[in-house]
Amino acid sequence: MTTLKESITNLYSCVLRGDLEGVKQLVTADFIDHAGRPDTPSGLFSMVVIAAQGITPVPSMGLTIDDMIEEGNRVAVRWSLEAMRLQERERGPVATWVQANGITIYRVEDGRVAERWAAISV
């Protein structure tokens, strides 16, 4: 049986690999994203959109899971991210260093992510 922490670790791995089919297998059909923008679709498609945004090609990206805590049916993840992002400008592409960190809480139901709350600092 997969632990809740393993489910979340698998979700992060799928996102980083760009495995959207894997993401779909790890999220409930009625997934609720409490941290999403108002124009983000609801349900499973919401997590697919989050995952697709997270895998936008960047020259270098490092995601570190700093802490992962499981309590009941929830998993809290404190994470940090560093990436070099290319942005198109009039004179050509410009590389920008991006650093972010956050805390994301997931509610897991039968091994699949059912809800997400997040606080992110860029």
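With respect to ARG112, determine if the residue is charged (D, E, K, R) and surrounded by 13 or more Cβ atoms within 10 Å (Cβ to Cβ).
yes
List the pairs whose first member sits in the stretch 10-38 and is within 21 Å of MET68 (Cβ to Cβ) and among the polar types (S, T, N, Q), whose second member is part of a strand (DSSP E or B) and modelled with pLDDT of 85 or more, and whose Cβ atoms are under 7 Å apart, counting only residues at least 6 apart or on separate chains?
So the pair list comes out as THR28/GLU109; THR28/ARG112; THR28/VAL113; THR28/ALA114.
Hey, among ALA100, ALA119, ALA29, which residue is modelled with pLDDT of 85 or more, assigned to a strand (DSSP E or B) and within 22 Å of THR2 (Cβ to Cβ)?
ALA29
Filter the stretch 1-15 down to the residues that are more than 18 Å from ALA118 (Cα to Cα) and aliphatic (A, V, I, L, M) and list them by number.
Matches in the stretch 1-15: MET1 only.
Report yes if some residue within the stretch 86-99 is under 21 Å from GLY22 (Cα atoms) and in contact (Cβ under 8 Å) with a residue 12 or more places away in the chain; otherwise report no.
Within the stretch 86-99, not a single residue is under 21 Å from GLY22 (Cα atoms) and in contact (Cβ under 8 Å) with a residue 12 or more places away in the chain.
Report, by residue number, each residue of the stretch 59-94 that is modelled with pLDDT under 80, surrounded by fewer than 14 Cβ atoms within 10 Å (Cβ to Cβ) and aliphatic (A, V, I, L, M).
The one that is modelled with pLDDT under 80, surrounded by fewer than 14 Cβ atoms within 10 Å (Cβ to Cβ) and aliphatic (A, V, I, L, M): MET84.
The values are calculated or read from the model by the stated rules, or taken from the named source; none is laboratory data. Worth saying up front: this structure is predicted, and the values here are computed from it rather than measured. So basically every Cβ, Gly included, is an ideal-geometry build from the backbone, and we count neighbours across all protein chains shown.
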